Amino acid sequence: MALVFEVLGRFNRARAARLTLPHHVCQTPLFMPVGTQGTIKGLTNSQLEDIGCQIILGNTYHLALRPTSELLDEVGGLHNFMNWQRGLLTDSGGFQMVSLLHLADITEKGVTFQSPVDGKPMLLTPEESIQIQNRIGADIIMALDDVVKTTITGPRVEEAMYRTLRWIDRCIAAHKRPHDQNLFGIVQGGLDPILRDICAKGLVDRNLPGYAIGGLSGGEDKNSFWRVVAQCTAALPEDKPRYVMGVGYPLDIVVCSALGADMYDCVYPTRTARFGTALIPEGVLKLKHKAMAEDTRPIDPACPCMVCKNYTRAYIHCLVTKDAMGSQLLSYHNLYYMLQLSRNLHFSIVEGRFPEFVCDFLHKMFPKGDVPEWVCDAMEVAGIDISSCCAPFSSCEESVSTEEVILAG
């Protein structure tokens, strides 16, 4: 295996680890920004290094279309092409086939989809997905799985889970670079605990370098979400990294880390920045709102990032609707926030103060004590007492969404 995973600290199910990859030594829990075609929109590589980015996620489907995996192979892989010397992870391409294109069919051979170039049917097989990812050369590559939204029920979920298990064997057989690329399997099974258990056990039997929990963040309710994460992390090995795919809300990352997950990715921090929204400890701050026009405070007075040190809310308010610089500044701040959250999670576990960190995080996000019930339930399973964060007599309640406009900061 081309990785080493060393647990440095624990609190019940939560753990902080050192993840050594061919191109970088990482600290977990860690958040991975999504760089679809080898770039994070609006940020340079040196800026990403400055704010502590450890791994960038690249999309196999997009990279295969442009600049093509053959070109990347010729120049020595994506690391050389984009001049990024830290970690890279590529997805399998399957999710993009389902979510972005007109899906024709999923058969035992692979995913048949409509070509964006000429509209003709194309087939992505497990073997081809791995071959493309071998040419791209990321530190971590993902197996092609049969992706089904968690809102779908019935026999299709079971079919997809068993097909995912059959495809992992084809991915393993096709993988030609196991000594410098780590193939992760993906646990599927929808919201069915029996199917999730079968898939997790089947993947563990293959003794892979790491494991992902897939099929979430697709519209399922939060109660179902955390229970799937809790079940899968408990079923996966203690000495291998656990990656919850597509998770990017700060609250979700704190909860999943308490339940024993290690790695996360999502477009949310940068996508919401392009809509003029900043991440802050209290939730979110909508910079397009007219109340921001004369607010001379930084986005977050307690944040030491370059944006908060140098620019006001009023200045960014002027930019977000008229100038690309606005989304660039917010992307920088939001990614700094996410990466600092990752560091805080890591060190609070290592230093034995994880429960205090969780309570402080929840106090800031829910100052009235209206912590969502699903968070309370998850923390109980994680063995973390958050009673001090909850309003007296009301315990945990369903709170308003963190997408609510926050004006006071």
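The values are calculated or read from the model by the stated rules, or taken from the named source; none is laboratory data. Keep in mind the model is a prediction, meaning the values are calculated, not measured. For neighbour counting, all protein chains shown are included, and Cβ atoms are generated from backbone atoms with ideal geometry for every residue, glycine included. When the accessible area is computed, the model is the full protein with side chains, heavy atoms only, and any ligands, DNA or RNA have been set aside. Shrake-Rupley method; radii C 1.70, N 1.55, O 1.52, S 1.80 Å.
Loop-only chymotrypsin sites (Phe, Trp or Tyr not before Pro) in segment 180-284, please: DSSP not H, G, I, E or B, and at most 15 other Cβ atoms within 10 Å.
Phe275
For the set Phe347, Phe5, solvent exposure ranked by accessible area (probe 1.4 Å, protein chains only) runs largest to smallest as Phe347, Phe5. The lysines whose alpha-carbon is closer than 19 Å to the alpha-carbon of Lys364, local same-chain residues fewer than 8 away aside, are Lys286. Ignoring lysines fewer than eight residues from Lys288 along the same chain, the ones with Cα atoms less than 21 angstrom from its Cα are Lys41, Lys309, Lys322. In the elastic network of the chain, a GNM with C-alpha springs shorter than 10 Å, the most mobile of Leu88, Leu195, Leu279 is Leu195.
Solvent exposure of segment 38-150 amounts to 41 Å² per residue of accessible area, where only protein heavy atoms count and the probe is 1.4 Å. Taking Pro392, Pro33, Pro298 as the candidate residues, the one with maximal mean-square fluctuation in a Gaussian network model of the chain, Cα springs under 10 Å, is Pro392. Estimated purely from DSSP H runs of n ≥ 4, each contributing -39500 (n - 2.57), the mean residue ellipticity at 222 nm for the chain is -12000 deg cm²/dmol once divided by its residues. Amide H to amide H, with H built 1.01 Å from N, Met32 comes under 5 Å of Tyr264, Asp265, Cys266, counting only residues 5 or more places away or on other chains. Accessible surface comparison of Thr272, Thr153, probe 1.4 Å, protein chains only, largest first: the order is Thr153, Thr272. Shown for the chain are no DSSP H helices, since none reaches 27 Å along its axis, judged by Cα atoms, with a mean Kyte-Doolittle hydropathy of at least 1.0. Extension gain, Thr20 to Arg343: 0.36 nm times the residue separation minus the Cα-Cα distance gives 114.7 nm.
Largest first, the residues Glu6, Glu238 sort by 1.4 Å accessible area into Glu238, Glu6. When you restrict to C-alpha pairs under 8 Å that are six or more residues apart and normalise by the size of the chain, the relative contact order lands at 17 percent. Each other residue within a Cβ distance under 13 Å of Ser99 adds +1 if Lys or Arg and -1 if Asp or Glu, for a net charge of 0. In this Cβ point-charge picture (+1 for Lys and Arg, -1 for Asp and Glu), segment 27-131 has a dipole of about 280 debye about its Cα centre. You can think of it this way: the chain between Asn80 and Leu123 has 12.6 nm of extra reach, that is 0.36 nm per residue less the Cα-Cα gap. Subtracting the Cα-Cα distance of Glu238 and Arg156 from 0.36 nm times their residue separation leaves 26.5 nm of extension gain. Ligands, DNA and RNA left out, the 1.4 Å accessible surface of the chain is 53% carbon and sulfur atoms.
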